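What follows is a set of notes on a single structure, which appears directly below.
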Amino acid sequence: MPTTLLLIRHAQSVPDRAIPEEEWPLSDAGRAQAQTLTSLLSRLGANNVVSSPYIRAVDTVRPFAERQHLPIAIEPDLRERLLTREWFASEAELFAALRRMHADLNFAYPDGESGHACRTRFMTALSSIAAANEGGCVAIATHGAVISHLLSCLDETLPFEFWHRIRNPHLFHLEWQGGLRWVGETTLDGEAGVRAW
């Protein structure tokens, strides 16, 4: 019986230069999204919860975990890819950096992480989670860049800028049985996902 992994890109957050990225909170809309996720995760049969240590990820699955009386296990390797600790001067400069980040998995700023390193530690974390929850269904709160690096490995036919279509929040349905298989996705805002099913 396969293990189901529900990868969840966190709900809408509030980036803030005044605090470390790890501590960025959910917005009011994001907190409402987290509440909406509780019924969806229940319908999908989630019976365990694992999260990145970042506040916005933990708070995305907290309402579900509290309703189901489940602990939230923290897995550091589910964290977001660190592109750089510097702030970009403009949205255009940031978008150019994001395009390069997704196009070249070897690329890394001196204080950042490459796409290859990010994908390797993320896949290792998912493998450990699957092994610890054999036959179960795990809600996994994480981040857009790490998810996109994984998906590009699972489906090489994805268009280049598919990563730009990953929503907040966005669920990716994966199955693990001797390997990882991407079997579906769900958005809460009614927008199309990143692939035509």
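Structure notes:
- Pairs where the first residue, in the range 129-144, is on the phi > 0 side of the Ramachandran plot and modelled with pLDDT under 95 and the second is among the hydroxyl-bearing types (Ser, Thr, Tyr) and surrounded by fewer than 23 Cβ atoms within 10 Å (Cβ to Cβ), C-beta under 7 Å, 6+ apart: none
- Selection count where residues are touching a residue at least 40 places away in the same chain (Cβ under 8 Å) and part of a loop (DSSP other than H, G, I, E, B), scope the range 58-81: 4
- Scanning the range 1-57 for residues that are in contact (Cβ under 8 Å) with a residue 60 or more places away in the chain, surrounded by fewer than 18 Cβ atoms within 10 Å (Cβ to Cβ), assigned to a loop (DSSP other than H, G, I, E, B) and out of contact with any strand residue (DSSP E or B) (no Cβ under 8 Å at 6 or more places or on another chain) yields 1, 17.
- Leading residue by the ranking (surrounded by the fewest Cβ atoms within 10 Å (Cβ to Cβ)) among those in the range 158-179 that are farther than 25 Å from residue 12 by Cβ and free of Cβ contacts under 8 Å to residues at least 60 places away in the same chain: 178
- Restricting attention to the range 180-194 and to residues that are of a type outside the set (S, T, N, Q) and out of contact with any Lys or Arg (no Cβ under 9 Å at 6 or more places or on another chain), the residue that is surrounded by the most Cβ atoms within 10 Å (Cβ to Cβ) turns out to be 180.
- Flag if residue 66 is at pLDDT 95 or above and within 17 Å of residue 145 (Cα to Cα): no
- Total residues in the range 82-97, condition among the acidic types (Asp, Glu) and outside any helix (DSSP H, G or I): 1
The values are calculated or read from the model by the stated rules, or taken from the named source; none is laboratory data. Being a predicted model, the structure only gives us computed values, none of them experimental. Ideal geometry is used to build each Cβ from the backbone, glycine not excepted, and the neighbour counts take in all protein chains shown.
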